[in-house]
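Okay, structure first, notes after.
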Amino acid sequence: MSGSTALQPLRLTLPDGSVRELPPGSTGRALAESIGSGLARAALAVKVDGQLRDLDRPLESDAAVAIVTERDPEALDLLRHSSAHMLATAVRELFPGARIGFGPSIEDGFYYDFEVPRPFTPEDLEAIEKKMAEVAERDYPFTRDVVDRADANRRFADDPLKLERIAELGDDETITVYTDGPFQDLCRGPHVPRTGRLKHYKLLNAAGAYWRGDERRQMLQRIYGTAWFKKDELDAYLHRLEEAKKRDHRRLGRELDLFMFHPFAPGAPFYTDRGTTMVRVINDYVRELNQRAGYQEIKTPLLYNKGLWEISGHWGKYREHMFLVLDSETGEHDFSLKPMNCPSHHLYFGTRKHSYRELPTGYATFDVLHRNEVSGALGGLTRVRQFQQDDCHVYLMSSQIATEVRRITDMILELYATFGLTATLKFATRPEQRIGEDAMWDRAEADLRAALEATGKPYELKPGDGAFYGPKIDFDVSDSIGRKWQLGTIQLDYAAADRFDLTYVGEDNTEHRPVIIHRAMAGSFERFMAILIEHFAGAFPLWLAPEQVRVIPISDGQTDAARRLAERLRGAGVRVHVDDRNETLNYRIRDGEVWKIPYMAVVGQREADADTLALRVRGAGRKQEIFPAGEFIARVAEENRTRALVP
RNA sequence: GCUGACGUAGCUCAAUUGGCAGAGCAGCUGAUUUGUAAUCAGCAGGUUAGGGGUUCGAUUCCCCUCGUCAGCUCCA
């Protein structure tokens, strides 16, 4: 405690630098009231020397303080954590025997785990939500009590999970209990002042969750919810969920006929003709980038004897994720489908001698990989068992790292920009568990960082998050609705060359170990497809669209003209179809919009006579434009060539 | 893998307490020849995911298998 005596006033410094004096033991609320009654009404908590505290907790010493209201970023956390308590309060009233686990605030909401005899049903959730409204109505204060261990154990005698947590608390830790009405919870706090402050929330779903995420422990029933300060924020969030559902790649993949799954091949997609076209277009683009970088594209075997996996270390650490294959001659499962490309590339590199003159040497491969994910981990194209990566391994001398990393970074950012994706960079440095000398890490991190700085892009530092064999740069991409995906990665590897005994002959005519860079840009094509589908909501830019132009003759009289136009477009490398079905023009226009075709070229008698077309741009409605056929073909070809994002 | 929910025509969904499996869209056939988001009529479409059980009778109730979906420590 500070040396202040009971008679000396507290000196509280506000964010604007002004100082207020209040009697010792005054609460945050008293401070807020002394500033203004409006602020006192808005106050949710108080920040004392940077730490959040309950509004009604006495201030003990001079400090820098700030009143926290809805407008502070931390306030949402507070709101959601308190909402979790209110949820538990309601559950306890409806299910008196329910034992409680943890109930934190999370991104966009909160959850609470309960140990109950049976899982919650959707009807339960409705009832619980109603009960929560009652609890809010009763406007209980959240009160904080400091208790000793014995008291805590007594209070939670019926809640073994809480007792377990209490037992873990150190003797020097303050144990606090928060109470709102009939409910009390072991909790560090802080909370909003009263349940009445919780107004705009919704329970979303319930699902099982292992106690502490440990599959060996009992399964609890978790209820997820979301909470916001304003009704329109809650509505906007729920609307966002709806929108995200609408652009769910699984739904669009079916509606736009891009890919499918069959029960006989769980976790392995079938691509339709349209989906295959997209994969090919993306492939071609990555190929072009690889070629420009001077990387070689190679194809390597899919199936290997375990000898390879023993060298790579997969056999020991990764075997459960590999699809083992029975060798009928030996009767043993001595073969495995490859889960990664690196061992193949290392093997290939090692089959011949390399001069320092040929470094850096890059191998790129689009081969199919298999990883045996547990069934519960599968979902759509983002979590699959079979996939392809835009994988590349570059073998180089350590003196070449900075230049090469810079080159790769530019390449990756260019790729993202082409799809209208923006990336943030993360620089991950040496982890606790690692191989190699500190000097090596110093050098590697310095090189990576220099390369990173050279891009001029801001980056986030993630100390200790590197791979055990080297530091890395991760690329997080934000899509059009703000979701983040980790896509690209550049990893320095100082271990593989040793394991595979890879060498190059240096200028000094002796053998040296190369450094290896693992590079992925799009990551897996499957996941990248999913991200693109959701990013564009299925309305792909022309160059990526499976069907780029649909030619629509108005009536039978123009069918031949339409076909001739399509033929000319096809000649210019355009993916085009003629919709001469026996349907009304309106029907076919609508169909084109539903299928999100970038351009519809309508050909009536006027257009047929003049060798023109009436262009309808996707989403632009009736706003159409008459184009001479030649001009239109040139325009489409140009968009294709430049990979234009918008028409 | 575990917990829960779900699985009905190609797609989206119906089908009282267990009582003859339906509709819209898509498909096919015909009529219609269309000027910018659904023309009309007819036809066809199913071992209700698969298997077993209870029952006079199962889409419905029970069990098993397969698959799909949600979730499985962003730190009391």
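The values are calculated or read from the model by the stated rules, or taken from the named source; none is laboratory data. Please read all numbers here as calculations on a predicted model, not as lab measurements. Reconstructed Cβ throughout: ideal geometry from the backbone, glycine too, with neighbour counts over all protein chains shown. Please note that ligands, DNA and RNA were not included when accessible areas were found on the heavy atoms of the full protein model with its side chains. Shrake-Rupley method; radii C 1.70, N 1.55, O 1.52, S 1.80 Å.
Under unit Cβ charges (Lys, Arg +1; Asp, Glu -1), what dipole magnitude, rounded to 20 debye, does segment A:549-642 have relative to its Cα centre?
My answer is approximately 360 debye.
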Seminar exercise, completed: The local net charge around residue A:98, scoring Lys/Arg +1 and Asp/Glu -1 for residues other than residue A:98 whose Cβ lies under 9 Å from its Cβ, equals +1
For this session: May I ask you to give the percent of accessible area on chain A that is carbon plus sulfur, with a probe radius of 1.4 Å?
Result: 49
Exercise. Leaving out ligands, DNA and RNA but keeping every protein chain, what accessible area does residue A:587 have, in Å² rounded to the nearest 10, with a 1.4 Å probe?
Worked result: 110
Problem set entry | Size of electric dipole in chain A: Cβ of Lys, Arg +1 and of Asp, Glu -1, about Cα centre, debye, nearest 20 | 1240
Exercise. Ranked highest first by average number of other Cβ atoms within 10 Å, how do A:208-214, A:55-61 line up?
Worked result: A:55-61, A:208-214
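As an exercise, use a Förster radius of 25 Å and the Cβ-Cβ distance of residue A:410 and residue A:358 to find the FRET efficiency, rounded to the nearest 0.05.
Taking R0 as 25 Å, the efficiency between residue A:410 and residue A:358 is 0.65.
Give a quick list of trypsin sites (Lys or Arg not before Pro) in segment A:314-368 that DSSP marks as loop, anything other than H, G, I, E or B, with at most 11 other Cβ atoms within 10 Å.
A:352, A:353
Taking R0 as 56 Å, what's the FRET efficiency between residue A:150 and residue A:623 from their Cβ-Cβ distance, rounded to 0.05?
0.15
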For this session: Keeping all protein chains in position, work out how much accessible area residue A:504 exposes to a 1.4 Å probe, and write it in Å² to the nearest 10.
Result: 20
For this session: Along Cα→Cβ, 7 Å out, is where each label goes; now give me the distance between the ones at residue A:511 and residue A:8 in nm to one decimal.
Result: 7.4
Problem set entry | Farthest positive-ward along segment A:549-642 dipole, Cα basis, beta-carbon charges - from A:637, A:558, A:595 | A:595
Exercise. Residue A:137 versus residue A:333, label points 7 Å from Cα toward the beta carbon: distance in nm?
Worked result: 5.9
Exercise. Distance in nm between label sites at residue A:587 and residue A:217, each 7 Å beyond Cα in the beta-carbon direction?
Worked result: 6.1
For this session: Would you mind checking which residues have amide H under 5 Å from residue A:469's amide H? H placed 1.01 Å from N; only 5 or more apart, or other chain.
Result: none
For this session: Calculate, for residue A:270 and residue A:116, the FRET efficiency according to 1/(1 + (r/R0)^6) with r their C-beta to C-beta distance and R0 51 Å; round to the nearest 0.05.
Result: 0.80
Exercise. Heavy-atom accessible area of residue A:437 with all protein chains present, probe 1.4 Å, nearest 10 Å²?
Worked result: 140
For this session: For segment A:77-244, give the magnitude of the charge dipole about the Cα centre (Cβ charges: +1 Lys/Arg, -1 Asp/Glu; no others), in debye to the nearest 20.
Result: 220
Seminar exercise, completed: Given a 1.4 Å probe, the accessible area of chain A per residue, as a whole number of Å², is 48
Exercise. Along the charge dipole of chain A, Cβ charges K/R +1 and D/E -1, which of A:403, A:225, A:8 sits furthest on the positive end?
Worked result: A:225
For this session: Please give the calculated 222 nm ellipticity per residue for chain A, where each DSSP H segment of at least 4 residues contributes -39500 (n - 2.57) and the sum is spread over every residue; nearest 500 deg cm²/dmol?
Result: -11000 deg cm²/dmol
Problem set entry | 3J(HN,Hα) from dihedral phi, segment A:271-286, Karplus parametrisation 6.51/-1.76/1.60, rounded to Hz, x for glycine, proline | 9, 6, 4, 5, x, 4, 4, 5, 4, 5, 4, 5, 3, 4, 5, 4
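Full extension from residue A:637 to residue A:168: what is 0.36 nm times the residue separation minus their Cα-Cα distance, to one decimal in nm?
The residue A:637-residue A:168 span can extend by a further 162.1 nm.
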Exercise. Got a sec? Which residues in segment A:456-485 would a label at residue A:446 touch, if it sits 7 Å along Cα→Cβ and we count backbone N under 16 Å?
Worked result: A:471
Seminar exercise, completed: Here segment A:332-340 yields Karplus 3J(HN,Hα) values (6.51, -1.76, 1.60; θ = phi - 60°; whole Hz; Gly and Pro given as x) of 10, 8, 8, 10, 9, 5, 6, x, 8
For this session: Compute the separation of the alpha-carbon centres of segment A:539-615 and segment A:194-250 and state it in Å as a whole number.
Result: 45
Exercise. Considering amide H positions built from the backbone, and no H for Pro or chain starts, which residues 5 or more places from residue A:139, or on another chain, come under 5 Å of its amide H?
Worked result: A:196
